[in-house]
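Step one of this worksheet: look at the structure below.
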Amino acid sequence: MRNLWKQPWHFLQDWVSLRSRKSWHRDNEEGGYSGAMTSAAETMAAFSKQTYVSPYFIAQVYALAGDKEKTIEWLERGYEMKDPMMPYVGGFTYDLLDDDPRYQNLLRRMNLPEGK
């Protein structure tokens with residue numbers, strides 16, 4: 001059985017090994033780093049329909065892609081599902097969300113210190 005608590009970076013490593021290097025480079029060339037991270041997050045989201053993938057980790061990858069809406073969506077999903085990784089949401093730097101009232105509200109609901 002696969003370790004369900006793998007860090008997203010391990011998932012990305014698995015994802016890259018499952019996809020051809022040519023495909024990874026194409027995603028990176030076509031959309032840059034953001035495009036490659038979006039593609040990775042979409043793959044993780046699709047995979048989460050078959051087996052458990054922490055919404056927290058999916059949100060992290062969307063944050064790395066710079067997608068504010070998807071990051072919030074997956075953080076909210078993690079909160080609703082009581083994802084055991086959610087208490088660490090304040091530990092990951094969500095700079096793109098610091099000024100978003102939805103993120104601040106999520107931190108308040110979780111009794112975590114609010115961001116900037």
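The table for this structure:
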| read-out | value |
| --- | --- |
| Filter result for P113 (over 11 Å from the mean Cα position of the chain (by Cα), without any contact (Cβ under 8 Å) to a residue 40 or more places away in the chain and in a loop (DSSP other than H, G, I, E, B)) | yes |
| Condition broken by A59, with the remaining ones in (1) small (G, A, S); (2) touching a residue at least 12 places away in the same chain (Cβ under 8 Å); (3) outside any helix (DSSP H, G or I) satisfied | (3) |
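One line per residue, one yes/no per condition, for (1) surrounded by 15 or more Cβ atoms within 10 Å (Cβ to Cβ); (2) touching a helix residue (DSSP H, G or I) at 6+ places or on another chain (Cβ under 7 Å):
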{"site": "T51", "(1), (2)": "no, no"}
{"site": "F57", "(1), (2)": "yes, yes"}
{"site": "L64", "(1), (2)": "yes, yes"}
{"site": "D67", "(1), (2)": "yes, yes"}
{"site": "W74", "(1), (2)": "yes, yes"}
{"site": "R77", "(1), (2)": "yes, yes"}
{"site": "M81", "(1), (2)": "no, yes"}
{"site": "M85", "(1), (2)": "yes, yes"}
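Any read-out appearing in this document is the output of simple, stated calculations on the displayed coordinates, not a laboratory observation. Quick caveat: nothing in here was measured; it's all calculated off a predicted structure. Cβ: placed from backbone, ideal geometry, glycine included. Neighbour counts: every protein chain shown.
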